[in-house]
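Before I ask anything, let me first share the structure, which is written out below as structure tokens.
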Amino acid sequence: MSIRGLTQALILALACGSALAQKAGANEPQRVLRYAFPIAETGFDPVQISDLYSRTVAAGIFDAPLAFDFLARPFRMKPNTLVAMPEISEDFRTFTFRIKPGIYFADDPAFKGQRRELVAEDYVYTLKRHYDPKWNSPNLYRLEAARIIGLSALRRQVLQDKKPFPYDQPVEGLRALDRYTLQVKLVDPSPRFHQEVMTDHSSFGAMAREVVEAYGDKIMEHPVGTGAFRLAEWRRSSRIVLERNPGYREHLYDEQAPDDDPRSQAIAAQLKGRRMPMLDRVEIVIIEESQPRWLSFLNGQTDLMERLPNEFAPVAIPNDKLAPNLAKLGITMDRAPLVDITLAALFNQDNPVIGGYSPEKVALRRAIALAYDSDQEIRLVRKAQAIPAQTAIAPLTFGYNPSIKTTMSDHDPARARALLDLYGYLDRDGDGWREQPDGSPLVLEYSTQPDQASRQLAELWQKNMKSVGLKIEFKVAKWPENLKASRAGKLMMWGVGWSATTPDGDTFLALAYGPNKGGANHSRFNLPAFNTLYEKQKALPDGPERQQVMEEASKLMVAYVPYKLSSHRIATDLMQPWVIGFRRNPFVREFYKYVDVDPAIRARKAK
């Protein structure tokens, strides 16, 4: 289908969706937010998902005990399903969470007509599910790193015995002390356990055991939580519709804006006291190509252009300012760091060509990193919507040091060629391509996607590798397929982004922590010296000592190159004039919970 045909089909689908969203017998249309994902979702079971887009949906359906204030800067945690912030022992090993009575799951046939209250056992069950080998949780590494007493041992026993996971077996480190009190005990001190785990609705939001047992292997299709929304419609890789959860508890808008941010202060004042969620529906379509996604916004068929595609930055936000023609339409913009790291390439350490810790393998990865032009990626592909990465740790997180300069941002083909020559990667047969030190062929295989940005990045890789005599081939697949293959260790090289869920740099160091293989650690890197530093910083409270340890660990990542670190991206979001209350908070995926849409303004603009 042509771009024009695809756009017309999209507009028709969105228009039909909006028509269905009218309240039956009512004069006023529902408050509906319409926007697009550039990448398809995989499902909505918090225990099985790890991709950003599935988690964005799940975060609106499920509830973790804690949440981040939507407007507050610096970022601040607050109780979500709790009566107060958790009680934390002085040694940072025991965390006690007291759940607010009267919170209920959305209605579902699994509850057989009964209202189902949220209780402490639901969080016990949810966390245990991550340890159940049946579900192959990609987020298990976050819990295993925290070392909850008894759970890892229980998982090992289940794997050894090859029996079903014993959910009813008591575990010392994870208990419901009473109906509303959850207690977690850790082997080692973990000063940020509550922030790292208990703020993530999309991974650790409460699930009801009855629902999981009712739907079994189909649980990805049947998310049932206590959150503000529930899943109303899902056409895989095409359309997702969330609707207001009619049983959602009374939750009034009371976000706290910083004193030096007049825009956020105006939002807080305008929405204060409104019952949440303010939206009746959220309609999401999947549009992988950027041009039809952009046109759907310009035509008013979508309300939010989340993360303006880079290629439209010069016309939409010249010099990082909203274009006058868009401003005249009442469109507004929001610009903020994504708090992420773009991995121009992950290098699978289990791959016999690219992986390993011997000098020649490290030299090969260093040469590839030096040959790759990150600056050109930022200027030409990302249209200056990013800053160079020196280490994996992103701005706005603890551990980031803006004064550090490393070789990760260097583009030096001459030094790359010298390294390859020194370690025996030579063109022995004169065909223009280097061979391995033993004379065997050397072919890099880079996995990528079929979208325009990925094609541009592939062209850059091709050009950069050719400049140093390295042959590279590309393997194209859909993003969810590459994600699955990467987690299984089947890819040699792949480019991907990694976002923080909390304002702490631990999540970026976790990318190289050995025990996280198959989880965060897609490179399958396992260096004892790095693992020791990672574990040390995790046990330390925030302060100069932890900062120093994190910087030492970061330097090892640069030296051994399990990843080619490229950039930290900056997001620009554009909103139609009828969208109220949007600000980008990188640690609140369910932004739509805090947003309103004014149907009257939309109707006036449509005339």
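The values are calculated or read from the model by the stated rules, or taken from the named source; none is laboratory data. Please read all numbers here as calculations on a predicted model, not as lab measurements. Virtual Cβ from ideal backbone geometry, glycine too; neighbours counted across all protein chains shown. Please note that ligands, DNA and RNA were not included when accessible areas were found on the heavy atoms of the full protein model with its side chains. Shrake-Rupley method; radii C 1.70, N 1.55, O 1.52, S 1.80 Å.
Alpha carbon centre of the stretch 553-607 versus the stretch 143-219: separation in Å?
The distance from the Cα centre of the stretch 553-607 to that of the stretch 143-219 comes to 31 Å.
With label points built 7 Å along Cα→Cβ from the Cα atoms of E535 and D217, find their separation and express it in nm.
Simple spin-label model gives 3.8 nm for this pair.
For the residue pair H411 and L380, what label-to-label distance in nm results when each label sits 7 Å from Cα along the Cα-to-beta-carbon direction?
Output for this residue pair reads 0.7 nm.
Would you work out if the stretch 396-462 is rounded, prolate or oblate? Take a ≥ b ≥ c from the square roots of the eigenvalues of the alpha-carbon gyration tensor; rounded if a/c is under 1.5, else prolate when a/b is larger than b/c, oblate otherwise.
It is oblate, given that a/c is not under 1.5 and a/b is not larger than b/c.
222 nm [θ] for the chain, helices only, -39500 (n - 2.57) per DSSP H run of 4+, per residue, to 500?
On the way: 20 runs with 189 residues, N = 607.
Taken over the chain, the calculation gives -9000 deg cm²/dmol.
A further question follows. Quick one: give the max-minus-min coordinate of the C-alpha atoms of the stretch 296-356 along each principal axis, largest first, in Å.
57, 26, 19
Starting from the Cα-Cα distance between A600 and D178, subtract it from 0.36 nm times their residue separation and give me the gain in nm to one decimal.
147.1 nm
Next question, about the same structure. Counting only complete DSSP H runs, which helices of the chain cover 24 Å or more along their long axis at the Cα atoms and score a mean Kyte-Doolittle of -1.0 or above?
Span-like helices here: 3-20, 544-560.
If we sort 573-584, 430-441 on the protection proxy, mean other Cβ atoms within 10 Å, highest first, what's the order? Don't jump to the answer; show the numbers that get you there.
Details: 573-584: 20.9, 430-441: 13.0.
Packing order, densest peptide first, comes out as 573-584, 430-441.
Still on this structure, I have one more. Report the FRET efficiency, 1/(1 + (r/R0)^6), for Q270 and Q157, where r is their Cβ-Cβ distance and R0 is 41 Å, rounded to 0.05. The partial results should precede the final answer.
Values: r = 55 Å, r/R0 = 1.34.
It comes out at approximately 0.15.
Of the DSSP beta bridges with both residues in the chain, give the percent that are antiparallel, rounding to the nearest 5.
Of those bridges, close to 75 percent are antiparallel.
Next question. Please work out the average accessible area per residue across the chain, using the 1.4 Å probe convention, and give it in Å².
Result: 40 Å² per residue.
Is the C-alpha gyration tensor of the chain telling us rounded, prolate or oblate? Criteria: a/c under 1.5 is rounded; beyond that, a/b larger than b/c is prolate, otherwise oblate. Kindly include the intermediate steps, with their values, before the conclusion.
On the way: a/c = 1.72, a/b = 1.20, b/c = 1.43.
The shape class here is oblate.
For a quick protection proxy, order the peptides 269-275, 414-420 by their average other-Cβ count within 10 Å, most packed first.
The peptides rank, most packed first, as 414-420, 269-275.
Give the residue from A120, A106, W135 lying farthest towards the positive end of the charge dipole for the stretch 102-142; charges sit on Cβ (+1 for Lys and Arg, -1 for Asp and Glu) and the dipole is referred to the Cα centre.
The Cα lying farthest towards the positive end belongs to W135.
Defining a contact as two alpha carbons under 8 Å apart and six or more residues distant in sequence, what relative contact order in percent does the chain show? Can you show the working numbers first?
Values: 1230 pairs, mean separation 115.3, N = 607.
Worked out over the chain, it gives 19 percent.
Given the Cα-Cα distance of E289 and Q462 and 0.36 nm per residue of separation, how much length would full extension add, in nm?
Working: separation 173, 0.36 × 173 = 62.28 nm, distance 2.20 nm.
Residue separation times 0.36 nm, minus the Cα-Cα distance, leaves 60.1 nm.
In the chain, what percent of the accessible surface is made up of carbon and sulfur (1.4 Å probe, ligands and nucleic acids excluded)?
52
Stretch K328-D107 to full length: gain in nm at 0.36 nm per residue minus the Cα-Cα span?
75.1 nm is the gain from fully extending K328 to D107.
Cα to Cα, under 25 Å, and not fewer than 8 places away if on the same chain: which lysines meet these conditions relative to K405?
Result set, ordered by chain and number: K361, K383, K536, K538, K555, K564.
Can you tell me the FRET efficiency between S440 and R236 if r is taken as the Cβ-Cβ distance and R0 is 35 Å, rounded to the nearest 0.05?
Efficiency, rounded to the nearest 0.05: 0.25.
Shape of the stretch 74-154 from its Cα gyration tensor (a ≥ b ≥ c, root eigenvalues): rounded if a/c is under 1.5, otherwise prolate when a/b > b/c, or oblate? Before the final figure, lay out each step's value.
Values: a/c = 2.08, a/b = 1.16, b/c = 1.80.
Oblate shape, in that a/c is at least 1.5 and b/c is the bigger or equal ratio.
Next up: Could the peptides 153-164, 242-253 be put in order, highest first, of the mean number of other beta-carbon atoms found within 10 Å of their residues?
242-253, 153-164
Please list, in order, the residues from the stretch 156-178 whose amide nitrogen is less than 14 Å from a point placed 7 Å along the Cα→Cβ vector of R209.
165-171, 175-177
Report the charge-dipole magnitude of the chain in Debye, nearest 20, computed about the Cα centre from +1 at each Lys and Arg Cβ and -1 at each Asp and Glu Cβ.
About 960 debye.
With all protein chains present and a 1.4 Å probe, how do K538, K134, K471 order by accessible area, largest first?
So, going from the largest accessible area down, we get K134, K471, K538.
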